[in-house]
1. Could you tell me whether any residue of region 37-47 is assigned to a strand (DSSP E or B), at pLDDT 95 or above and under 15 Å from the mean Cα position of the chain (by Cα)?
2. Looking only at region 1-30, how many residues end up being in contact with a helix residue (DSSP H, G or I) (Cβ under 7 Å, 6 or more places away or on another chain), surrounded by fewer than 17 Cβ atoms within 10 Å (Cβ to Cβ) and modelled with pLDDT of 95 or more?
3. Restricted to region 1-32, and to residues that are in a loop (DSSP other than H, G, I, E, B) and touching a strand residue (DSSP E or B) at 6+ places or on another chain (Cβ under 8 Å), which residue is nearest to residue 48 (Cα to Cα)?
4. Tally time: how many residues in region 49-60 are assigned to a strand (DSSP E or B) and surrounded by 11 or more Cβ atoms within 10 Å (Cβ to Cβ)?
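The values are calculated or read from the model by the stated rules, or taken from the named source; none is laboratory data. Worth saying up front: this structure is predicted, and the values here are computed from it rather than measured. Using ideal geometry, Cβ is built from the backbone for each residue, glycine included, and neighbour counts are taken over all protein chains shown.
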C-alpha cells in the first residue's frame, strides 16, 4: 500500500455551535468548539487512523465551508 501525500477535511460550522470535520475518502470525523481546537483534534484523529507513521499523510488540508444567505 502506498502512503497518502495529502488528506482533505471538509470543515463546517455545526448547527449546535462549534465545528465538525470529515475527511474526504477516509472514515475520519471529529468536532470541536473552535477552529484552533479542531486543528488539534484533526491531527490527533489522523494519527489514530494511520497507526503506521510511514502511511500518514504529510499534508492535512482544511476546506472550510460556510453557508451565507443574502436577502434580495
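1. no
2. Total satisfying the criteria: 1.
3. 28
4. Here the count works out to 1.
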